[in-house]
Every structure is written in C-alpha cells, then in structure tokens.
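Worksheet for the structure shown next.
A short reminder: the numbers here are calculations on the coordinates, not readings from a lab. Keep in mind the model is a prediction, meaning the values are calculated, not measured. Counting neighbours? That spans all protein chains shown, and the Cβs are built from the backbone with ideal geometry, glycine included.
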Amino acid sequence: MSFLDDAASTIKNVFLGSVDSWWERLEADLVLKSPKGTEFKPRYRGQDSFRIEKRLGIYEMPLIKGAIVQDMDVGPMRISIDLWFDGRNNDVDARAFTAACKERGKWEMTHPVHGFYGLQLVSVAFTNTNDGLTRVDTEWLEYIDPVELKTARELAGIVDEKMGAVSLGALSEFVDGLNDAVGTLQHVIKTTSQGIENVVDYALYPLFGTLNAVDDAVTAVHAGITDSLAAVAIPLAELGGQLQSLIGLPALATRDLKSRVDCYGELITGVNSLMPGGSATPLKNTSNAAAQKNNLIISDLALSASLCAFARIATTSDYKTRDEALDMATILSDTFSDVIDMLEEKQADYNGRFAYEQFFAQRQTYTDLALLMSAAIQYTLRISFDLKIKQVITLQRPRLPVMLAAEYYGDFDDVDYLVETNELKGADIILLPAGREVAIYV
C-alpha cells in the first residue's frame, strides 16, 4: 500500500465516512518486499487463491463402519498468486524477482484486496510468454509468531484496533470536558486549536510538505478546522476529529522510521510548550482555571493523537536491522512515559480545587493508550527476530566490494545490497581502502 493510497483512503473516511463497496476498498498495487528489503510491484490480475486446510484426527476401528473424526483446528493459510511483469524490461524485472526469491527469511505482502500479510515463500515458477509479459507463479504460507502464536497480519491488526479505541475515547473526553459556555472560553478553544495547527505545520512539514497528495489533504483539514472555529456554536465532535486527522495524516507520507520519529517527537515537544501550568502561569482564580483547563483538554487530545501516530509508525516503517526494531520499542515506551509525565504535572496544578473544576488527564483513554503502546512494542519485538543483525568490520587491506559480498553473503549478486546498505559511491563501489569500516547484515 503506497502512502498516497493510504492518504486518499484516510481522507475519504474522514470526510465521507467509511467505504461502502468492495470496489472502493481495492488498492492500486500488489506490493511484495523481500527479506532483504527489495520491493516489487508486479501486475495483479486477480488470479490468486487462499486455501485453509483443516487438520483432522481420523480414527478407524476394525469391524466398525465409519470413523471418529477429531477437529484439530486449521493449518497455515496457503496462498497461490500469479504475478505478471510487463513492459520493455519485463524479463529483467522477473529475473530480479526470482533472484530475490533465493533470499532466506520472511516476505511481506500488501494485497490489493486483503491487505497486509507476513509470508514464507514455498515455491516460484518462471514462465516467459514471449509477448511482452512474463508470468511468475508463486506459492506462500502465512506463518505465525512462535511466541505470540499470531500472524504478523494479526499483530498489526491488533495495533490498528487499539488505535481506533484510543481515538474514540479521546474524542469523547474532548467533547465531554470542554466548556464553551462563555465567549472567553470559546476564545481559548480557538486559540489553542490554532496553536496546535501551527505546531503541526512546524514539526510535521518535513514529512508532508514535498508530497502534493498529503499536503493537499492537510490543507483540506486546515480549512475544515477554520470553518468549525468560525461557527457560532463550535461543533466540538467535528473539531476534535479534524485535529486528530491533522496530526495523523503526515505519518502516511513516508515509511522512513527516523524522519517520522524525529518529527513527531518535535510535535510532542511543541504541544507541551502550548500547555499552561506551573509557576509561570498560576491558577489565580476560577475563571483562569477554567480557561487553562480547556487548553489542557485540547492538548490532551493532541498528545493522544501523537501517541497513535507513533504506534502507526511502529507497524508501517521499513526496518533494516534488528537494532532499529528494538530501538523503536524503547522509543515507544519512553515517549508514552514522557507524555504521561507531562499531563500529570499539569494535573497536579489543580490539586485542592473542587472536583468539577479539576483537570483529569486521560480519564477514559489511559488504559487503552497503555494497551496500544504495549501492542506496538510487542509488534516491534516480534518482527525483530526476522531482521538482520548489523556487524561492522574494519578492512585490514583494500578489498573489492564484490568479493566482500561473496565472502559474507555467499553470492556475488549481493554486491548491490552491500553497496546500498553502506551507501557506497564513486570509486568505493570498485575498491574499498584499508581501514574502511563496512556494515555487514547477517
């Protein structure tokens, strides 16, 4: 699934509701990613089959008609897909795909109809049709995690499900908690919402600013927020959903891990700077406290949406090494703790006030957020076992990259992978000098 398709689907759901037919749920491409991270987008003609076989214990006894049958659940999903490569380089592209099929490890597939799968390749058959098309017949098994006993698709789906629960709970808190009874409190809602918009533009522009589809989507959400804030009676549910969409959309602009983590970390820092409280802005009176409480409720919504974005980053990023996945698990844990600490610090400013005047952070969403982050961490730990470990070697003498590829990867054809992972350029592609550090992924 490309980020543009993801963005278009999200925008449609935000403004038009969920899709109504199977045709609207179709994605544009079938995408396959090899164990080493090479991505292929062959033509998809709808010629595939998904087969599940029951495991049955059949017990037959002498001189007894029939048999006792015990249902022992199902085996793995078996998937058969015909892939087609076309164009002037159809034969070259097909050979590149079949060469990648020699790689050891698990594949990822995003199916145009059925979505994401974690797969183990079983067999591949190459057929040249001599008419500008090359057909590749493939057989796959959907594997399960040996610890969680769930498929990769199920683990990612758990994160998506919990994101939905968090978003709904945060929106409910937002609507129930805001006080817009007087003009002063309405003004706080407007200025804080606009402050969130400014922080999003500042922190997340590097993600969506250069991609027209996502940039246009963000612009459309900005326009919707402006209309909501200009209404005589602010539609709080609509405004809250728009703020959540504004924060979530940029995460769809790329699959790069580091850029998204950095930008959303900057966003959380920016939202924290918008929140009142502490010695700098003491709660001198009830009116001031109510206004600041509105600010905190809106900021709470933004922080919950940011944590949801981190969970989405965890399940949609392109991890190259085991260290990256494990580092992401740590980032998820630390970010969650930081956000909770921020909100608890602001909540403490309301101690000693009447209960109806107090600000209670994440009253409905804390448990769901904790479960969401736990599921995202679980996902990153799960996929880390399928990723390579990075080892850095120092060359004792000048070496040819092609010989290093043959020595460490077992195949001269892996020289492209070595060049790409080490970002070799110019003369280094031909010969590496002594003393050069080279990353090897095993």
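Distance between the modelled labels on D73 and S172, one decimal in nanometres: 3.2 nm (7 Å Cα→Cβ projection). Where q = 0.11, 0.13 Å⁻¹, what log10 of I(q)/I(0) comes from the Debye formula for the chain, counting one point per Cα? Once normalised to I(0) and log-transformed, intensities are -0.97, -1.19. Of A406, A100, A213, the residue with the greatest mean-square motion in the GNM of the chain, using alpha carbon springs below 10 Å, is A406. For the stretch 152-384, the mean projected area of the C-alpha convex hull, equal to one quarter of the hull surface, is 12.3 nm². Amide H contacts of K388 (H built 1.01 Å from N, in plane; Pro and chain starts excluded): R322 sit under 5 Å, all sequence-distant by 5 or more or on other chains. Structure note, pairs K54/K162; K190/K258; K33/K390; K106/K162; K106/K425; K36/K258: Cα-Cα distances above 22 angstrom occur for K54/K162; K190/K258; K106/K162; K106/K425. Taking the charge dipole of the chain about its Cα centre, with +1 at Lys and Arg Cβ atoms and -1 at Asp and Glu Cβ atoms, the residue from V419, L204, G87 reaching farthest to the positive side is V419.
Amide H to amide H distances under 5 Å link I440 with Q391, V392, I393, where only residues 5 or more positions off or on other chains count and H is placed in the peptide plane.
Computed about the Cα centre, the dipole magnitude for the chain is approximately 500 debye when only Lys and Arg (+1) and Asp and Glu (-1) carry charge, each at its Cβ.
When you filter the chymotrypsin sites (Phe, Trp or Tyr not before Pro) in the stretch 331-387 for DSSP loop state and at most 15 other Cβ atoms inside 10 Å of their Cβ, you are left with F354, F385.
Computed from Cα positions, the angle between helix 152-177 and the longest principal axis of the chain comes to roughly 10 degrees. Residues of the stretch 387-402 with an amide N closer than 18 Å to a point placed 7 Å from the Cα of I430 along the Cα-to-Cβ direction: 398-402.
Working from the Cα coordinates of the stretch 36-143, the gyration tensor eigenvalues give, after taking √(5λ), semi-axes of 37, 15, 12 Å in decreasing order.
Ordering of 313-321, 178-186 by packing is 313-321, 178-186, highest average first (other Cβ atoms within 10 Å, averaged per residue).
The phi torsions of the stretch 305-312, fed into the Karplus equation with coefficients 6.51, -1.76 and 1.60 and a -60° offset, translate into couplings of 5, 5, 5, 4, 5, 4, 5, 5 Hz, rounded to whole numbers, with Gly and Pro shown as x.
On the beta carbon distance between V419 and K41, with R0 = 25 Å, the FRET formula returns roughly 0.65. Highest GNM mean-square fluctuation among A405, A170, A290, for the chain modelled with Cα contacts below 10 Å: A405. Computed from backbone phi with θ = phi - 60° and the Karplus coefficients 6.51, -1.76 and 1.60, the 3J(HN,Hα) list for the stretch 225-231 is 5, 4, 5, 5, 6, 7, 5 Hz; x is used for glycine and proline. Our note on the geometry: Cα centres of the stretch 332-381 and the stretch 217-274, 19 Å apart.
Applied to the stretch 252-267, the Karplus parametrisation 6.51 cos²θ - 1.76 cosθ + 1.60 on θ = phi - 60° returns per-residue 3J(HN,Hα) values of 7, 6, 7, 9, 6, 6, 5, 5, 6, 4, 4, 5, 6, x, 5, 5 Hz, with x for Gly and Pro. Of M328, M61, M109, which is the most mobile in a GNM of the chain whose springs link Cα atoms less than 10 angstrom apart? So, out of M328, M61, M109, the one fluctuating most is M61. Mind checking the log10 I(q)/I(0) for the stretch 136-280 at q = 0.11, 0.21 Å⁻¹? Debye, one equal scatterer per Cα, no solvent, two decimals. Debye output, listed in q order: -0.56, -1.38.
Considering every alpha-carbon pair of the stretch 388-442, the percent of pairs per 10 Å bin, from zero through the bin containing the longest distance, is 26, 64, 10.
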